[in-house]
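The values are calculated or read from the model by the stated rules, or taken from the named source; none is laboratory data. Since the structure is predicted, the reported quantities are computational estimates derived from the model, not experimental observations. In this analysis, Cβ positions are derived from the backbone assuming ideal geometry, glycine residues included, and neighbour counts consider all displayed protein chains.
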Amino acid sequence: MNELAKIREAEKQSHIEIYSSAELFKEGSWLQKPVKTVTDIIPLLSDKNNLRVLDLGCGIGRNCIPIAKSFKDTDCRIDCVDILDFAIEKLYENAKFHSVENYINGIISPIENFEISQNTYDLIIAVSALEHIDSKNSFIDKLTEIDNGLEQNGIVCLIINSNVCEKEKDTGTPISPQFEVNLPTEELLTVLRCIFKDYQIIKETTVKQQYDIPRGNIISALSTDVVTFVAKKSI
Ligand SMILES: C[S@@+](CC[C@H](N)C(=O)[O-])C[C@H]1O[C@@H](n2cnc3c(N)ncnc32)[C@H](O)[C@@H]1O
């Protein structure tokens, strides 16, 4: 198995495990509430009818379901892309439970293969997802597609891990990070500022995080810079 296939298989197994054991919006995991940066955007779109949203690497609906609930009376549509069929199945179950299944369009696809239609979306979000695109070139191409896919006044909301380091917790032995694209933070910021150069920046933060994460039968001590970038297409 090559390095990409190994990362993908490990990613798939760990998400299946999390999505099988943790319930959406229940205490006890990172799925217990939507990301605040995303919910903070909702009031900025309150004048929209027929809101079109794209959620790349949507998982089981942590962010898109609250958006659908906020805009269902205005006939919104949210295209939700995830590589995992199991995630999309759970997404529909959760959307049904929250009575928003008619506004959700689940798409099983790697983000790199999903072609974003031009001038289509009012909001494009990708939370902890674009770093799993298969290469740096596809990552940069996808950011350009996101720019082209947004309508005037559309908003892009990206949360991306950068500068990720992993080591075995017990021994300190370095482990290859389980992220397909792992840019140095400054490089990531330069790319974002360049591609979205004409945008009005709403939020740009870099927060250092450290946590332990299971990797097969070992525990990895992971450190990352979490880059949050929210901007409005204003020209
Ligand atoms: C850390 S989870 C985040 C899920 C969701 N964005 C959230 O905030 O709850 C990453 C998600 O991206 C999906 N994913 C990973 N690589 C992907 C790829 N290349 N294309 C599409 N989805 C991918 C995983 O299956 C997983 O559901």
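Key figures
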| read-out | value |
| --- | --- |
| Some residue of region 126-136 being free of Cβ contacts under 8 Å to residues at least 60 places away in the same chain and under 15 Å from the mean Cα position of the chain (by Cα) | yes |
| When residues of region 89-103 are limited to those that are more than 15 Å from the ligand (Cβ to nearest atom) and hydroxyl-bearing (Ser, Thr, Tyr), the one farthest from Glu145 (Cα to Cα) | Ser99 |
| Filter result for Asp73 (out of contact with any Phe, Trp or Tyr (no Cβ under 7 Å at 6 or more places or on another chain), within 10 Å of the ligand (Cβ to nearest atom) and without any contact (Cβ under 8 Å) to a residue 60 or more places away in the chain) | no |
| Among the residues listed as Asp79, Asp85, Asp75, the single one being in contact with a strand residue (DSSP E or B) (Cβ under 6 Å, 6 or more places away or on another chain) and either surrounded by fewer than 15 Cβ atoms within 10 Å (Cβ to Cβ) or among the polar types (S, T, N, Q) (or both) | Asp85 |
| Among residues of region 18-41, those that are away from the ligand (no atom under 12 Å from the Cβ) and more than 17 Å from the chain's Cα centre (by Cα), counted | 6 |
| Asp55 being more than 8 Å from the ligand (Cβ to nearest atom) and of a type outside the set (Val, Ile, Thr) | no |
| Some residue of region 185-205 being under 17 Å from the mean Cα position of the chain (by Cα), crowded, with 19+ Cβ neighbours inside 10 Å and farther than 17 Å from Ile140 by Cα | no |
| From the options Ser234, Ser176, residue that is modelled with pLDDT under 95, touching a helix residue (DSSP H, G or I) at 6+ places or on another chain (Cβ under 9 Å), surrounded by fewer than 16 Cβ atoms within 10 Å (Cβ to Cβ) and not β-branched (Val, Ile, Thr) | Ser176 |
| Residue selected from region 109-121 under the condition without any contact (Cβ under 8 Å) to a residue 40 or more places away in the chain and within 9 Å of the ligand (Cβ to nearest atom), by the criterion surrounded by the most Cβ atoms within 10 Å (Cβ to Cβ) | Glu112 |
| Residue match in region 16-36 (condition: touching a residue at least 40 places away in the same chain (Cβ under 8 Å) and in contact with a Cys (Cβ under 9 Å, 6 or more places away or on another chain)) | yes |
| Options Gly154, Gly149, Gly106; residue that is touching a residue at least 24 places away in the same chain (Cβ under 8 Å) and away from the ligand (no atom under 16 Å from the Cβ) | Gly154 |
| Any hit, region 155-171, residues being at pLDDT below 95, in a strand (DSSP E or B) and surrounded by fewer than 18 Cβ atoms within 10 Å (Cβ to Cβ) | no |
| Residues located in region 122-138, provided they are surrounded by fewer than 22 Cβ atoms within 10 Å (Cβ to Cβ) and within 17 Å of Thr190 (Cα to Cα) | Lys136, Asn137, Ser138 |
